[in-house]
Amino acid sequence: MTALQAQTVPVPMLDVDLEFLDIVTEWDVSTPHHRWKPAIVVPATFRPADLSRVIVVANQKGGVGKTITALELAMAYVARGLRVRLIDADPQKAALTHWLRETCYPADGSTRYTLRHVYFGKATLAQATYPTIYQGLYFVPSDPDLDDVEMAGPDKVLSPETLLRDSLRAEAADWDVTVIDSGPRLGRITISALVAAHDAVIAIQDGGLEVAGTGSVVTTIGSLRERLNPDLKVRAIFFTDFKKEKLPRKIGHAMHKAFPDALIVPARESTQAGWASLARKPLRVHTPGEKPTLDYDRAADLLIAPRQKAS
Ligand SMILES: Nc1ncnc2c1ncn2[C@@H]1O[C@H](COP(=O)(O)OP(=O)(O)OP(=O)(O)O)[C@@H](O)[C@H]1O
Ligand SMILES: [Mg+2]
């Protein structure tokens, strides 16, 4: 047992949110805004998925809450006793690997492999998977050189688009849930994450420019489904840093029209979100019970059926 495993801590479930968001089948855009109450959209067609699920968090727009969504969803499943693998597929220096540097994998230099080694055929995905201090959470780190994958020739990276999918399939039985955090660049790495996944969840944030970003994510997923992964399902749209304002309501409604079978989840705002990343801890560990964590918990339960979880 490594020193890290010896310090492993269980991640507890949180109390139920008493002022919890309602569940509706569609956001009502006809109610005057001052009377409208934010709610989670669960379409009538939505069904929870089985275990052994691969979920990618995506949006080619930067800074919209992909990383926090990937981490908090992964932690919600860990708290439910599942065996979870979290993969950092973003080469950015300030991404998940940096966030989890001190708590989630050996910071003493004993990390030998990252996702980059997997693409370059230098390690298997299993070899690049590290236990973390959180019981049930395993992590595949990234590194800034992961970007090399984007330009590498076929002599260096064989089948870049399908490599991650094939690696995950080879070890599918070992994991209840795999969550992949993707970067804002729609290059090979992000495409391979979308090819590897069963489910895509899209993170969006409010703000004027977001309307344009939202259009591109709809187009990207559409063409990806046509060409590379016809089975990919958009299962949820997370509205991160959600505030009850008119524009998010409009965008949420547009996303529901674009993805009528997906959950629309307001992940409510929390001033602690930024502090948690500064402290390099998941939000649910840094400040247990913050509203977005409870929203991620709720979404986690909707995405994967409780009756199918490990007993
Ligand atoms: N519920 C929330 N309440 C308040 N702030 C939030 C919330 N969710 C996310 N944020 C903030 O939004 C910002 C962007 O979050 P994050 O880094 O997860 O985005 P990202 O899409 O992964 O960015 P990138 O495209 O650079 O990878 C961060 O400053 C984060 O603290
Ligand atoms: Mg990110």
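The values are calculated or read from the model by the stated rules, or taken from the named source; none is laboratory data. Just so you know, these numbers come straight off a predicted model, no measurement behind them. Positions of Cβ are backbone-derived with ideal geometry, glycine not excepted, and every protein chain shown enters the neighbour counts. SASA here: full protein model, heavy atoms, side chains in, ligands and nucleic acids out. Shrake-Rupley method; radii C 1.70, N 1.55, O 1.52, S 1.80 Å.
Per DSSP H run of at least 4 residues, take -39500 (n - 2.57); add these up for the chain, divide by its residues and hand me the 222 nm value, nearest 500 deg cm²/dmol.
About -9000 deg cm²/dmol.
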Figure the gain on full extension for Lys122 and Lys250 (residue separation times 0.36 nm, minus the Cα-Cα span) and round it to one decimal in nm. 41.4 nm
List the trypsin sites (Lys or Arg not before Pro) within the range 34-113 that DSSP assigns to loop and that have no more than 11 neighbouring Cβ atoms inside 10 Å. Lys93
Under 21 Å from the Cα of Lys244, which lysines turn up, not counting those fewer than eight places away in the same chain? Lys37, Lys66, Lys257, Lys291
How much net charge surrounds Ile68 when only the other residues with a Cβ under 10 Å from the Cβ of Ile68 are counted, with Lys and Arg +1 and Asp and Glu -1? -2
Counting only protein heavy atoms and using a 1.4 Å probe, what share of the accessible area of the range 36-303 belongs to carbon plus sulfur, as a whole percent? 52 percent
Here the equivalent ellipsoid of the range 44-164, derived from its Cα gyration tensor, has semi-axes (largest first, whole Å) of 24, 19, 15
Specify the longest stretch of the chain that does not include any exposed loop site, a site being one of the GluC sites (Glu not before Pro) with a non-H, G, I, E, B DSSP assignment and at most 14 other Cβ atoms within 10 Å. 20-101
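Could you do me a favour and compute the accessible area per residue for the chain, 1.4 Å probe, result in Å²? Don't skip to the end; give the middle numbers.
On the way: 13610 Å² over 311 residues.
Result: 44 Å² of accessible area for each residue.
Would you please give the FRET efficiency between Ile23 and Asp155, computed as 1/(1 + (r/R0)^6) with r the Cβ-Cβ distance and R0 = 45 Å, to the nearest 0.05?
On the way: r = 52 Å, r/R0 = 1.16.
It comes to 0.30.
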Return the whole-Å distance between the Cα centroid of the range 46-80 and the Cα centroid of the range 133-198. 15 Å
Hey, which aspartates and glutamates would be in cross-link range of Lys246, C-alpha to C-alpha under 15 Å, not counting anything within fewer than 8 residues on its own chain? Asp28, Asp206, Glu210
For Lys257 paired with His34, estimate the spin-label separation in nm (one decimal), with each label point 7 Å from Cα along the Cα-to-Cβ line. 2.7 nm
Can you give the Rg/Rh ratio of the chain, where Rg is from the C-alpha atoms and Rh is the Kirkwood radius? 0.95
Would you mind listing how long the range 51-99 runs along its three principal axes, going by Cα atoms, in whole Å with the largest first? 30, 20, 15
